[in-house]
Amino acid sequence: MRLTNVAHLRLPTGRLHSYDVAIEATDEELPVSFDQGRHVGEGDRPGSWMAISFRLAGAERHALGRAWDAVVARHGTLRTVFRAGERVRLFAGEQTPGVWRTHATDAGMTTALREAFDSGCRPHAAGSFLLCLVEPDAGEPVVVIGSDHAHVDMWSLLVLGRDLDRALRRVQAGEDADLAPAHPFAEHTALLEAMGDSPAGVRDEWERLLAAGGQAMPRFPLPLGDMSRAHDEVVEVRDVLDPAQVVELTRVADVRGVRPTAVALAAVTRATRRVADAPLRAVFPVHSRNDPRWTDAVGWFITNSVIECEDGDPAACAADVRRALQLGSHPLAPVFAPRGGMPRTPGMFALSWLDTRRLPVAVDDPQASWISAVIRTNGVMIWFVINDTGLHLRCRYPDTPEARASLTLWLDAVESELKAAATASVPVAG
């Protein structure tokens, strides 16, 4: 699995179709998670979606539509509708079978796909997800599943892709396409709410971290220019380590008794100290699928923590990761409610780590990609992704002269430190 942006996505020429499933809201109100409320509360807008693309042999429209209806029926999270007023509210909904539409591709396949998702996958849409099918002039069909972020995370997209494949195989075999219901995300939200207030130690740690940032979330430590407004984004992908270097990075981690995450973060810490003379402080997304029932569920199972690394030693960074994971294991709403919500921080810096080889769900296509929307931004987001082809770094930052110069300097330093870490002279035990 790779991460890409819809502007950089490569799709075959051919015909583009979408299967639109309408959801009618009922009177059954469901709990809204902290992150859902934050996301939907920003208003109905394009570019709030994420997607996954993969090749699917034998994907014929009629069978594919029946299979997707079964997937939607399996996941109650998809069958929910947001309503925004004085506060964001969420309602259970009922689905109707989808309808296929064909899209003009005169401006290009990628442009047509982007327009379809920008229109159909919005926070307030009644059915804020869309199944698209690219029927190529040559080669295998490509399926693209998109959804507003309030209903999915990256793991969820893998679940949807896998479930669609399973349901399609049943349809093609002349069997019933129905799939067993999965646990809905609203159940997860209710369990978090039942946890009540966060422990005093967690609240104190958040107070310390926010105070260290001037009552704001962590900012990128180098100049970005005027961040009082959003700018067009720059999306840059670097292939940092090849598979052999990832093996060596893992060996280094094993010898030091830590995870590869800690060795990589130590490299990033050293790079940040070298070019910015500052510790590594960043928003650190962590997943909350801490119970087996959520493995096959769909929803926004990601919450925010903060990683703070002063020392570029892997053992110290391993301890920092443990603290960040502990911080992210408690509800955020009680922490930020007295502040009116999570601070909106211009220049906010976020760093995510994802080893796709460790995920318990997958789609059967080595060329599959996660796809982000084109947005405007005034922050910096970094993804470190490990897959069978190596370690890749994906970066999104504002398109300003200052940000381009700063990110080039920082990314070069990070890449250099990661390559050095993967070739470190660590003796093999025994």
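Quick rundown of the values:
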| item | result |
| --- | --- |
| Counted residues, region 345-398 - those being open to solvent by 40 Å² or more (accessible area, probe 1.4 Å) and charged (D, E, K, R) | 6 |
| In region 193-210, residue farthest from the chain's Cα centre (by Cα) [restricted to those that are open to solvent by less than 60 Å² (accessible area, probe 1.4 Å) and under 26 Å from Phe349 (Cβ atoms)] | Gly201 |
| Close pairs from region 308-331: first more than 13 Å from Gly257 (Cβ to Cβ), partner open to solvent by 30 Å² or more (accessible area, probe 1.4 Å) and of a type in the set (A, V, I, L, M, F, W, C), Cβ under 6 Å, at least 6 apart | Pro331/Leu192; Pro331/Met195 |
| Any hit, region 31-38, residues being more than 15 Å from Val142 (Cβ to Cβ), basic (Lys, Arg), open to solvent by 30 Å² or more (accessible area, probe 1.4 Å) and part of a helix (DSSP H, G or I) | yes |
| Region 101-123 residues that are closer than 13 Å to Asp44 by Cα and assigned to a helix (DSSP H, G or I), paired with ones that are of a type outside the set (Phe, Trp, Tyr) and open to solvent by 60 Å² or more (accessible area, probe 1.4 Å) (beta carbon under 7 Å, 6 or more apart) | Asp118/Pro46; Gly120/Asp20 |
| Residue match in region 121-133 (condition: open to solvent by less than 60 Å² (accessible area, probe 1.4 Å) and farther than 22 Å from Ile23 by Cα) | no |
| Some residue of region 318-330 being in contact with a Cys (Cβ under 6 Å, 6 or more places away or on another chain) and more than 25 Å from Pro123 (Cα to Cα) | yes |
| Some residue of region 174-190 being within 18 Å of Leu418 (Cβ to Cβ) and part of a helix (DSSP H, G or I) | no |
| Selection status of Arg55, open to solvent by 40 Å² or more (accessible area, probe 1.4 Å) and out of contact with any His (no Cβ under 8 Å at 6 or more places or on another chain) | yes |
| Test: Arg344 is of a type outside the set (Ser, Thr, Tyr), over 30 Å from Ala276 (Cα atoms) and either under 20 Å from the mean Cα position of the chain (by Cα) or part of a loop (DSSP other than H, G, I, E, B) (or both) | no |
| Flag if Arg162 is over 18 Å from Val6 (Cβ atoms), in a strand (DSSP E or B), in contact (Cβ under 8 Å) with a residue 60 or more places away in the chain and open to solvent by 10 Å² or more (accessible area, probe 1.4 Å) | no |
| Those residues of region 243-257 which are at negative phi and open to solvent by 60 Å² or more (accessible area, probe 1.4 Å), in sequence order | Pro243, Ala244, Val247, Arg251, Asp254, Val255, Arg256 |
| Residues of region 221-248 classified as outside any strand (DSSP E or B) and not polar (S, T, N, Q), total | 15 |
| Search result, residues across region 399-413 that are among the hydroxyl-bearing types (Ser, Thr, Tyr) and either without any contact (Cβ under 8 Å) to a residue 60 or more places away in the chain or open to solvent by 20 Å² or more (accessible area, probe 1.4 Å) (or both) | Thr408 |
| Extreme residue, nearest to Pro31 (Cα to Cα), among residues of region 139-157 that are open to solvent by 20 Å² or more (accessible area, probe 1.4 Å) and part of a loop (DSSP other than H, G, I, E, B) | Pro141 |
| Members of region 258-275 found to be under 26 Å from Ala403 (Cβ atoms) and open to solvent by less than 20 Å² (accessible area, probe 1.4 Å), listed by number | Ala264, Leu265, Ala266, Ala267, Val268, Thr269, Ala271, Thr272 |
| Out of Arg15, Arg10, Arg79, sole residue that is more than 23 Å from the chain's Cα centre (by Cα) and open to solvent by 50 Å² or more (accessible area, probe 1.4 Å) | Arg15 |
| Region 43-70 residues that are farther than 22 Å from Met154 by Cα, paired with ones that are in a strand (DSSP E or B) and open to solvent by less than 50 Å² (accessible area, probe 1.4 Å) (beta carbon under 6 Å, 6 or more apart) | Ala59/Val143; Gly65/Tyr19 |
| Sole residue being closer than 18 Å to Ala350 by Cβ and over 19 Å from the mean Cα position of the chain (by Cα), chosen from Ala403, Ala373 | Ala403 |
| Options Glu42, Glu86: the member that is under 25 Å from Thr111 (Cβ atoms), open to solvent by 10 Å² or more (accessible area, probe 1.4 Å) and either at pLDDT 95 or above or not in a strand (DSSP E or B) (or both) | Glu42 |
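The values are calculated or read from the model by the stated rules, or taken from the named source; none is laboratory data. Since this is a predicted model, take the numbers as computed values, not measurements. As a convention, Cβ positions derive from the backbone with ideal geometry for all residues, glycine included, and neighbour counts pool all protein chains shown. Protein only, heavy atoms only, side chains kept; ligands, DNA and RNA dropped before computing areas. Shrake-Rupley method; radii C 1.70, N 1.55, O 1.52, S 1.80 Å.
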